[in-house]
Each structure stands twice: as C-alpha cells, then as structure tokens.
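Working notes, beginning with the structure itself.
The values are calculated or read from the model by the stated rules, or taken from the named source; none is laboratory data. In this text the structure is predicted, and so the values were computed from the model without any measurement. Every residue, glycine as well, gets a Cβ built from its backbone with ideal geometry; the counts of neighbours run over all protein chains shown. We work out accessible area using only protein heavy atoms, side chains counted, and drop any ligands, DNA or RNA first. Shrake-Rupley method; radii C 1.70, N 1.55, O 1.52, S 1.80 Å.
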Amino acid sequence: MTTPVSLALAIGALVAGAVVGYLVARARTRREEARPPGPTVAELLERLVRSSHNGVVVLNRFGDMVLHNPRAYELGLVKVNQADPRARKAAEQVAETDEPMEIDLSPLEARGRQPEAVLGEVRPLGDGFAVVEAVDHSEAIRLEAVRRDFVANVSHELKTPVGAIALLTEAVLDAAEDVEEVRRFGGKILRESTRLGQLVTELIALSRLQGAERLPDLNVVEVDAVVREALGRTTLSAESADIRVTTDTPSGLLVEGDRTLLVTALSNLLENAVAYSPAGSPVSISRRLADGMVEIAVTDRGIGIAEDEQQRVFERFYRADKARSRATGGTGLGLAIVKHVAANHGGSVGLWSRPGTGSTFTLRIPAHVRPDPAPEPARATKTSPAPRQEKTPERTPRLVVTGQDSPDHGGNL
C-alpha cells in the first residue's frame, strides 16, 4: 500500500527528472544555436589536405599512416596502404631530432608517364607525429633536359656554317692573286652566310612561336591568298629544281589566324617537298573543308619517310636524310615551325608517307564561320541587280591548275 510520503517522493523524483532533462535539452539547444553554420576547422583542414596538389602523409611514431590524400598515391608516396619506406625512415629520424629534412622520393623504376622526379620534405608535428609533403618536379626536369638539348643542337648547328666561313675566308686570303679561286670561294662564303642567316631567322621565329613573344591577334584570312603567297615564295626554288607545282581551284575558304605565320608554315611545307623530290616530279597543293577544319595538303612524289621516323620529323634539327638536307641548305627547323604554327592556331599538322612513293603533309586550321546575313526588309519598288564584277585571276609562274584533290592521308601529330 502506497503511503502519502512515498507518493510525494515519487512525484518529486519525476519532477526533478523532468527539470533536469529540460535543462540539459535547453543547454544543448543553446550550444547548437551558438555553433556557427558550416564546416568545422577540422573538416576544413581535412578538405585542404585532400585537395592539395602535393602528396601529403601524416605518420605516427610507429610509422603508421594517420592521414593521407589521393595525390600521395599518384606520386608513389603511398603504395598498398603503406607509406614509402624512405618516407617512414625519414619520419622516424625527424621525430627523434625534431628537425625537418628533405628526401628524394623519385620512383626507383621509370614506368610510362608516371612522375620521374619527386622531392619530399619531412617536418615534425610534435608528440611523435611527422608530415611528409611530396612535390612533383618532373615537368621542370623535362624542360631542363629539353633546354640543354636545344642549346647543344643550336651550338652544333651554328658552328658548322661559322667554321666553314672561317675556313673559306682563309682560302680566299691565300688565293688573293687568283681571281677564279677568289670567285669560287666567295660563292661558297655567300652560300654559307645565307644559310647562317636563315638558321638565325628560323630560330627567332621558333622562339617566338614557343612563347618567348606574344603572338599577334588572329584575323580572318583568305586561304587562297595564303596559297598564292606561299607559291610565290617557292617559285624560284621549284624552277631551279625543275619541279612542277600544281594546285586545285580557288576554294573561297576562310580561317582565323595570322596571315604571315600561315604563309611561313605553308612555304616551309612547299620548300620541304621541293627539296626532297627528284627533278621533273610534281608537287601538288589541295584545299578542302572537313569537320569544321580547313585542310591544306602538300603532296610530293619524293623519297618518302620511313614509318619509324615519321613521329620525329617535326622535332627541331631532325633530318630524315641528313646528306640531302645539307646539300639543299636545310636547317632542320622548317617542320618544327609548321607544327608550332598549327598548334598556336588551334590546329594540327598530319603526315602520310611511304618510302619510294612520296609524302603528304596536311595543315589543319579551324575554319572561320561566316555569320548568317540578316534578312532584308521587303521593298516596295523593284530594283535592278548590281552588275557583277569580274576578277582577273593572278598568274603564278610554272603553276598548273587542276581540279583533283590529293588522296586521303594520315593522322594528326
């Protein structure tokens, strides 16, 4: 039987519990209301580590991973859920000495396109923890290697004409009394100096295309005008080599680009075709629009290029036939310039070639799209059409106009 005292005690306990629960809930609500909206500092730090471009790994005093980001996997700092042994050993040393240190974390075996040069910095965090931050320096290493190769190639290429000019000058001085010998050596000096000047000019052009200078603004350019000017530049060398250059009919196509650079690129393709074609053989140019790209193809019936060399012909100073290139005065920079002109215009250059048959180089540039003309308002009176103006076609020596296109050809490089 429940007494009044026990009943009062039970009611008091219930009331006290309710009051305590209310106070706890109210305090929790106040804390939640006082908490600022958004992520906590810890969450932001975790996001920062995971989004870092550098590989980050936090290790404890036993060498176990506490925290790491996806970039650590990409740089090889973490493999099979374990940190690189070099990083663990360095972290133990840093935890003991409390001094940061740098370590080389480059892959021990180079495979494919993985990072080649990875440098790590290990810093102490206290309480036996250490952080390892890895940075990929592969691109800088590659660029430095390219720069060294370029400087070495330029030095070698410049030495050849400079040395030849020095030797020929000595020969002229020794044969000062012999008029015929002076003329013969003088002609050779002129050829070597011309080649030297061409080499310097093309080096400047290549440096400009690779970003040393700001490229000019792109304008609407007539493809037919580019073809005419490039043909004009090549006429003399084609006639000297007894090469017949043919071209298809004007196309009326337009591209957005720099006319001077486009003419230079097409002239280089034509000069290359003339230099590597036997006397009396044809060289043809064709133009067409395909998938929004204007394609200008230069086809020759020359010596052709072996398949294993086709990927290298666009490299600086690379020559498929070194002896023939030297004889024609080539610098080895023409196709490299063509590649960079195409890239700077958002296009590409393609190559199809077969030894003994010939080659087709195709310059692809995005076509300019003409805006749709606005409809003219209806007129009350009928007007007679304006008389059509006939244009006199320009003539280029030793050019034969044909309506045939070159065969379909190769892939992009």
- Item | Mean accessible surface per residue for the stretch 240-303, computed with a 1.4 Å probe while every protein chain stays in place, in Å² | 37 Å²
- Please work out how much length the chain gains when fully extended from ARG183 to THR97, using 0.36 nm per residue of separation minus the C-alpha to C-alpha distance, in nm with one decimal. 23.2 nm
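Between LYS79 and SER240, what is 0.36 nm times their sequence separation minus the Cα-Cα distance? Round to one decimal in nm.
Working: separation 161, 0.36 × 161 = 57.96 nm, distance 6.42 nm.
Taking LYS79 through SER240 to full extension adds about 51.5 nm, to one decimal.
Can you tell me the length gained on complete extension of the stretch SER52 to ALA343, counting 0.36 nm per residue apart and subtracting the Cα distance? Walk me through the numbers on the way to the answer.
Values: separation 291, 0.36 × 291 = 104.76 nm, distance 3.09 nm.
Separation in residues times 0.36 nm, less the Cα-Cα distance, equals 101.7 nm.
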- Computed ³J(HN,Hα) along the stretch 47-58: with the Karplus parameters 6.51/-1.76/1.60, θ = phi - 60°, integer Hz and x for glycine or proline, the list is 4, 4, 5, 5, 8, 5, 6, 8, x, 10, 9, 9
- Using a basic spin-label model with each label point 7 Å from the Cα along Cα→Cβ, how many nm lie between VAL369 and ASP291? 1.7 nm
- Run the dipole for the stretch 232-324 about the Cα centre, Lys and Arg Cβ at +1, Asp and Glu Cβ at -1, nothing else charged, and hand back the magnitude in debye, nearest 20. 240 debye
- Under 1.5 on a/c is rounded, so check that first for the stretch 156-196, then, if it is not, pick prolate when a/b is larger than b/c and oblate when it is not; a ≥ b ≥ c are the square roots of the alpha carbon gyration tensor eigenvalues. oblate
- Task: Report the FRET efficiency, 1/(1 + (r/R0)^6), for SER251 and SER193, where r is their Cβ-Cβ distance and R0 is 30 Å, rounded to 0.05.
- Result: 0.15
- With a ≥ b ≥ c taken as the square roots of the eigenvalues of the C-alpha gyration tensor of the stretch 230-323, please select rounded if a/c is under 1.5 and otherwise prolate if a/b is larger than b/c or oblate if it is not? oblate
